[in-house]
Amino acid sequence: MQKYNDHQLKIYNSLSGEKEIFKPVHVGNVGMYVCGPTVYSNVHLGNVRTFMSFDMIFRYLLHLEYKVRYVRNITDVGHIVDDVDDGEDKIAKKARVEQLEPMEIVQRYTVDFHDVLKQFNFLPPSIEPTATGHIIEQIEIVRQIIERGFGYEKNGSVYFDVVKFNENNHYGKLSGRNIDDMLSNTRDTDGQSDKKNAQDFALWKRAEPEHIMRWPSPWGIGFPGWHLECTAMSTKYLGETFDIHGGGMDLKFPHHECEIAQNEACTGHSPVNYWMHANMLTLNGKKMSKSTGNNILPIEIYNGGSPFLSKAYSPNVARFFMMQAHYRSILDFTNDGILAAEKGFNRLMEGLDVLKTLQASSCSTLDIASWQKNCYDAMDDDFNTPILIANLFEGIKFVNLLNDGKETLIVADLNILSDTLNAFIFDVIGIKNEKASADTSGKLEGVVEMLIGMRNEARANKNFALSDQIRDQLSELGIQLKDGKDGTTFSV
Ligand code: AMP
Ligand code: ZN
């Protein structure tokens with residue numbers, strides 16, 4: 001029986017504004033789509049926070065033994081500067097400025113994104129599709145929207161008719177905006193005249209001769225609008241209706257509002273059962289932004305090379321810092337804040353070291369089952385990591401009391417304490433178990449020393465075939481033996 005059967009997971013649904021009991025479309029399976037990065041520049045720590053929130057959610061769903069298909073896309077075309085339909089494509093602009101192929105820009109920043117996520121111990125998603133890899137699917141959706149009367153073509157571009165859609169649907173239901181307010185807030189440039197209504201958004205844009213990213217379509221040479229890719233890729237891999245769609249809070253409007261409209265125009269129903277939005281990371285109380293210089297790059301965390309930091313911090317500490325806030329709360333990044341997180345993190349790790357040395361007793365004087373329930377209740381309540389972490393510190397307090405002989409636990413309870421602490425800290429919060437990797441390298445050392453001993457014995461017995469075999473096979477594995485005056489040493 002899978003763990004999720006014993007849990008009543010509640011998720012805050014941005015669409016209803018309420019916490020709802022999570023019921024997946026297919027029992028035991030979860031389909032989750034998260035809007036990925038636009039790969040035209042290095043991700044900043046704010047971006048990392050949003051993806052980390054969903055990494056934690058993915059991890060907890062896996063921990064509950066759901067079978068999860070997690071799709072997180074790469075936006076490599078169509079994201080227009082300032083979200084103005086007649087602005088320039090962010091990737092095309094960067095390619096022009098740097099005199100590179102757009103795909104060189106895409107490759108460079110996709111590699112950077114993956115490097116950063118690896119540093120922060122992210123789990124890879126199940127599928128990581130790209131917008132340029134799904135042009136055919138996007139064209140098909142545009143075709144369907146036109147066929148159902150919600151899209152129109154003008155001068156080689158296709159727009160979504162927001163006013164027509166809003167007659168029988170509610171455009172603005174996710175963001176809480178109404179269509180008249182949108183009118184006064186709509187910024188647009190010379191393309192305005194092509195649209196029937198200022199609120200309409202581009203599904204497909206005609207490519208001007210100088211535009212380097214271009215594909216043939218029934219409406220001429222062009223490129224897809226930004227919102228379209230997520231509709232195409234989410235439904236392709238997760239179905240017409242799927243469980244969770246996530247992204248940063250700032251994507252609610254226009255991006256996710258437009259996604260809902262596109263889906264409803266095609267299928268007549270809502271695509272997503274639970275909309276989830278992660279809140280922003282600010283820096284010293286101000287919005288993190290590249291243009292104002294008020295930002296930190298992930299690399300500056302671990303090399304300490306930011307004027308906002310007094311020293312370097314490990315990615316584990318930065319992860320722990322972020323997990324101390326609820327994913328729906330704004331989190332302000334300060335040097336004092338991460339310094340305090342480092343102290344807490346070290347206390348947690350020291351507690352785990354002590355835990356390994358504890359001995360069981362003949363009776364339990366602590367209620368470990370209730371403590372474990374509190375940990376799960378926190379996570380079942382819309383992934384409340386700050387409450388979980390408070391409970392983990394309670395667990396570490398138990399460890400210290402046990403170590404001081406002030407409390408005792410029977411072996412079964414000691415195992416629950418140990419398994420629960422380890423599972424939540426490493427599997428769910430996603431702290432990289434640096435000790436475990438160090439332990440493994442210690443084991444490697446032991447094994448190689450053992451083989452060196454066997455090789456020495458073979459040589460003493462003049463069994464040179466065996467001694468050479470040991471040396472050669474280790475070499476094939478990248479482990480070089482070096483014979484010297486004081487014996488044999490090795491390097492990996
Ligand atoms: P982008 O590459 O601009 O599409 O952004 C990637 C993701 O990062 C989106 O989900 C954004 O909502 C999110 N994001 C952007 N800025 C911040 C920030 N300061 N804090 C948290 N998330 C952010
Ligand atoms: Zn998206």
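The values are calculated or read from the model by the stated rules, or taken from the named source; none is laboratory data. Just so you know, these numbers come straight off a predicted model, no measurement behind them. Cβ: placed from backbone, ideal geometry, glycine included. Neighbour counts: every protein chain shown. Accessible surface is based on the protein model in full, side chains and every heavy atom, while ligands, DNA and RNA are left aside. Shrake-Rupley method; radii C 1.70, N 1.55, O 1.52, S 1.80 Å.
If the condition is being in contact with a helix residue (DSSP H, G or I) (Cβ under 7 Å, 6 or more places away or on another chain), buried (at least 19 other Cβ atoms within 10 Å of the Cβ) and not in a helix (DSSP H, G or I), then region 367-396 contributes only PHE383. The requirement of being within 27 Å of VAL492 (Cα to Cα) and part of a helix (DSSP H, G or I) is satisfied by LEU444.
Looking at region 5-48 only, could you name the residues that are within 16 Å of ligand 1 (Cβ to nearest atom) and part of a loop (DSSP other than H, G, I, E, B)?
Hits for region 5-48 are SER14, CYS35, GLY36, PRO37, VAL39, TYR40, SER41, ASN42, VAL43, HIS44.
Checked across region 231-250, the condition of being open to solvent by 20 Å² or more (accessible area, probe 1.4 Å) and within 16 Å of ligand 1 (Cβ to nearest atom) holds for at least one residue. Listed by first and then second residue, the pairs linking a residue in region 268-290 that is without any contact (Cβ under 8 Å) to a residue 24 or more places away in the chain to a residue that is open to solvent by less than 20 Å² (accessible area, probe 1.4 Å) and more than 16 Å from ligand 2 (Cβ to nearest atom), with Cβ atoms under 8 Å apart and 6 or more places separating them unless they lie on different chains, are LYS286/ASN294; LYS287/ASN294. For beta carbons closer than 9 Å, sequence separation of 6+ or different chains, a first residue in region 29-45 that is open to solvent by 20 Å² or more (accessible area, probe 1.4 Å) and a second that is part of a strand (DSSP E or B) and among the polar types (S, T, N, Q), the qualifying pairs are THR38/THR75; TYR40/THR75.
Each residue in region 40-69 was checked for being within 16 Å of ligand 2 (Cβ to nearest atom), at pLDDT 95 or above and hydrophobic (A, V, I, L, M, F, W, C), and 2 of them qualify.
A Cβ distance below 9 Å, combined with a sequence gap of six or more or placement on separate chains, defines the contacts here; from region 404-429, residues that are in contact (Cβ under 8 Å) with a residue 12 or more places away in the chain reach residues that are of a type in the set (D, E, K, R) and surrounded by 13 or more Cβ atoms within 10 Å (Cβ to Cβ) in the pairs ASP427/ARG59; VAL428/ARG59; ILE429/ARG59; ILE429/ARG319.
Of all residues in region 229-242, those that are within 14 Å of VAL30 (Cα to Cα) and at pLDDT 95 or above have Cβ atoms under 8 Å from Cβ atoms of residues that are near ligand 2 (Cβ under 10 Å from one of its atoms) and assigned to a helix (DSSP H, G or I), 6 or more apart or on another chain, in SER234/GLU259; PHE242/SER234.
Would you point out which residue out of ILE425, ILE470 is farther than 30 Å from ALA390 by Cα, out of contact with any Pro (no Cβ under 9 Å at 6 or more places or on another chain) and in a helix (DSSP H, G or I)?
It is ILE470.
Yes or no, residue by residue, for (1) under 30 Å from MET349 (Cα atoms); (2) exposed (fewer than 10 other Cβ atoms within 10 Å of the Cβ); (3) not polar (S, T, N, Q):
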{"position": "ALA436", "(1), (2), (3)": "yes, no, yes"}
{"position": "LEU444", "(1), (2), (3)": "yes, no, yes"}
{"position": "GLY453", "(1), (2), (3)": "no, no, yes"}
{"position": "ASN456", "(1), (2), (3)": "no, no, no"}
{"position": "ASN463", "(1), (2), (3)": "no, no, no"}
{"position": "SER467", "(1), (2), (3)": "no, no, no"}
{"position": "ARG471", "(1), (2), (3)": "no, no, yes"}
{"position": "GLY484", "(1), (2), (3)": "no, yes, yes"}
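The residues of region 397-412 that are assigned to a helix (DSSP H, G or I) and farther than 20 Å from LEU348 by Cβ, listed by number, are VAL411, ALA412. Restricting region 275-301 to residues that are among the small types (Gly, Ala, Ser) and surrounded by fewer than 17 Cβ atoms within 10 Å (Cβ to Cβ) leaves a set whose member that is modelled with the lowest pLDDT is SER291.
What residue, of ALA460, ALA412, is of a type in the set (A, V, I, L, M, F, W, C), more than 33 Å from the chain's Cα centre (by Cα) and at pLDDT 95 or above?
Details: ALA460 fails: at pLDDT 95 or above.
Matching residue, one of ALA460, ALA412: ALA412.
Have a look at TYR70, TYR60 and point out the one that is under 23 Å from TYR4 (Cβ atoms), part of a strand (DSSP E or B) and aromatic (Phe, Trp, Tyr). Exactly one of TYR70, TYR60 is under 23 Å from TYR4 (Cβ atoms), part of a strand (DSSP E or B) and aromatic (Phe, Trp, Tyr), namely TYR70. Taken as a whole, the condition of being more than 10 Å from ligand 1 (Cβ to nearest atom) and within 14 Å of the chain's Cα centre (by Cα) does not apply to TYR66. TRP219 falls short on exactly one of the conditions (1) hydrophobic (A, V, I, L, M, F, W, C); (2) within 16 Å of ligand 1 (Cβ to nearest atom); (3) touching a residue at least 60 places away in the same chain (Cβ under 8 Å); (4) open to solvent by 30 Å² or more (accessible area, probe 1.4 Å), and that condition is (2). Quick one: in region 256-274, which of the residues that are in a helix (DSSP H, G or I) and among the β-branched types (Val, Ile, Thr) is surrounded by the fewest Cβ atoms within 10 Å (Cβ to Cβ)? Among those that are in a helix (DSSP H, G or I) and among the β-branched types (Val, Ile, Thr), it is THR267. Is it the case that LEU309 is open to solvent by 10 Å² or more (accessible area, probe 1.4 Å), aliphatic (A, V, I, L, M) and either within 13 Å of ligand 2 (Cβ to nearest atom) or in contact (Cβ under 8 Å) with a residue 40 or more places away in the chain (or both)? No; evaluated as a whole, the condition is false for this residue. Just to be sure, is LEU348 open to solvent by less than 60 Å² (accessible area, probe 1.4 Å), in a helix (DSSP H, G or I) and in contact (Cβ under 8 Å) with a residue 60 or more places away in the chain? Against the criterion (open to solvent by less than 60 Å² (accessible area, probe 1.4 Å), in a helix (DSSP H, G or I) and in contact (Cβ under 8 Å) with a residue 60 or more places away in the chain), LEU348 qualifies.
Going residue by residue through region 59-79, is there one that turns out to be under 15 Å from CYS230 (Cβ atoms), among the aliphatic types (A, V, I, L, M), without any contact (Cβ under 8 Å) to a residue 60 or more places away in the chain and open to solvent by less than 50 Å² (accessible area, probe 1.4 Å)?
Yes - at least one qualifying residue is present in region 59-79.
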